[in-house]
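Structure, as structure tokens:
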Amino acid sequence: MIPKIGILIACRMKSQRLTRKAVLPIVGKPMIIHQIERMKSSKFADEIVLCSSTHMEDQELKQYAEQENIKWFAGSEEDVLGRFIAAAEQFGLTHVVRVTGDNPLTDPEYIDRLIDNHFATESDFSRTEQLPIGMNAEVISLWCLKKAHELADDPNKSEYMTAYLKQPKYFKINIMDVDELHSEKEMRLTVDYQEDLDVMERIYSALYYNGRIFSITEIVTLLNTEKDILELNNSIDERPLPKVSMGGELDPNLKNVVIVGADLNGPSGDIIKKIRNEKSFNILGLLDDDEKHQYLQYDGIPVIGRVSNITKDNLPENSSVIVGLDEGRQKVEEELRKEGINVISL
């Protein structure tokens, strides 16, 4: 079968932090139009689809797909995996590139590099991770989407798709390296708040003219030169950790815990076995500072973030932390308690 690749732009009008952000203007043009324009520059994509839901509010987005002469798809409101599968099937896609409408600086050249790398490595799921926040993308085979949907404990919670896709137990995962100049993963270039939109306005005002698609090199160079731009949104905390469950329904009678340490050959593995044998806690996820573990899944438990980023506010609701470490355990427990986090010792 000849591969057919589609860029699926996930976009909804629903937004808790910045109302109607998809259509808010950046240099006088709706944000979603900027994202569509950039995606149309991809050389390897056969189709571009604005992928939304059947909710009445989201139908407003259809006009932008028609205006830009790209495909439109409206699917399930909650089951994002199912929505992507249905869109891929409707347009005969074998592979999809997943991007989102609130990342209007996604780089089309990196998307093409990622597509090429995906096929070269014969992977099921490929992504970048070192680009600035809001510039990474994913390439996923339709088979991988369907398998993830089958495995998902609750597909209606699949908005955070990476947790369901990045499962090395089932899929061949490929993390593509990026150029050193572009490895700026601390730069925040996504839009969740007004401050983020202000950053976009500054960037587009400096680089966007006559409809040109400016490059990631131009963006990084600008931000490293005019450092005051990122001061506009540098006080925004990291978004809360995703609340996903891959291992069955939670028992409402048990306390929820997150375990520090993703190496299940060590103390974390022993703790998990003990908890499962005794049925003493609901395990929501693992925390680990090692980059290689981020958003993978081990023994059905997703790695949902870094220990160093944990605060009481971004820990999953009503949960405690168990430190599954030998070396440095006491220090980690002390730091967590300073943050007001409940630590359970086993």
For the stretch 278-300, which residues satisfy the criterion of being modelled with pLDDT under 85 and either part of a helix (DSSP H, G or I) or in the same structural domain as LEU131 (by TED's automatic domain parsing) (or both)?
GLU291, LYS292, HIS293
Selected residue [in the same structural domain as LEU142 (by TED's automatic domain parsing), in contact with a Lys or Arg (Cβ under 8 Å, 6 or more places away or on another chain) and either of a type in the set (Val, Ile, Thr) or surrounded by fewer than 21 Cβ atoms within 10 Å (Cβ to Cβ) (or both)] from ILE111, ILE85
ILE85
Can you tell me which of ASN174, ASN234 is at pLDDT below 95 and not in a loop (DSSP other than H, G, I, E, B)?
ASN174
Please work out if MET1 is more than 18 Å from the chain's Cα centre (by Cα), more than 19 Å from SER126 (Cβ to Cβ) and at pLDDT below 95.
no
Against the definition (buried (at least 20 other Cβ atoms within 10 Å of the Cβ), at pLDDT below 85 and within 26 Å of THR128 (Cβ to Cβ)), how does VAL303 come out, yes or no?
yes
Tell me yes or no: at least one residue of the stretch 116-138 is part of a strand (DSSP E or B), of a type outside the set (Val, Ile, Thr) and closer than 26 Å to LEU197 by Cα.
yes
State all residues of the stretch 63-80 that are of a type in the set (Val, Ile, Thr) and either more than 27 Å from PHE119 (Cβ to Cβ) or modelled with pLDDT of 95 or more (or both); if no residue qualifies, say none.
ILE70
Quick check on ILE275: is it more than 28 Å from the chain's Cα centre (by Cα), closer than 23 Å to ALA152 by Cβ, assigned to a helix (DSSP H, G or I) and among the aliphatic types (A, V, I, L, M)?
yes
Every listed condition ((1) touching a residue at least 40 places away in the same chain (Cβ under 8 Å); (2) over 19 Å from the mean Cα position of the chain (by Cα); (3) loosely packed, with under 14 Cβ neighbours inside 10 Å) holds for LEU325 save (3)
Members of the stretch 58-82 that are in contact with a strand residue (DSSP E or B) (Cβ under 8 Å, 6 or more places away or on another chain) and closer than 20 Å to ASN136 by Cβ:
VAL80
Among the residues of the stretch 81-99, is there at least one that is within 24 Å of LYS166 (Cα to Cα), more than 22 Å from the chain's Cα centre (by Cα) and modelled with pLDDT of 95 or more?
yes
Taking the options GLU77, GLU66, GLU60, name whichever one is in contact with a His (Cβ under 7 Å, 6 or more places away or on another chain), in the same structural domain as ARG127 (by TED's automatic domain parsing) and among the acidic types (Asp, Glu).
GLU77
Can VAL49 be described as buried (at least 22 other Cβ atoms within 10 Å of the Cβ) and touching a helix residue (DSSP H, G or I) at 6+ places or on another chain (Cβ under 7 Å)?
yes
Answer yes or no as to whether LEU346 is more than 24 Å from GLN167 (Cβ to Cβ), touching a residue at least 40 places away in the same chain (Cβ under 8 Å) and of a type in the set (A, V, I, L, M).
yes
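The values are calculated or read from the model by the stated rules, or taken from the named source; none is laboratory data. This structure is a prediction, so every number in the text was calculated from the model and none was measured. No Cβ is skipped: glycine too gets one built from the backbone with ideal geometry, and neighbour counts run over all protein chains shown.
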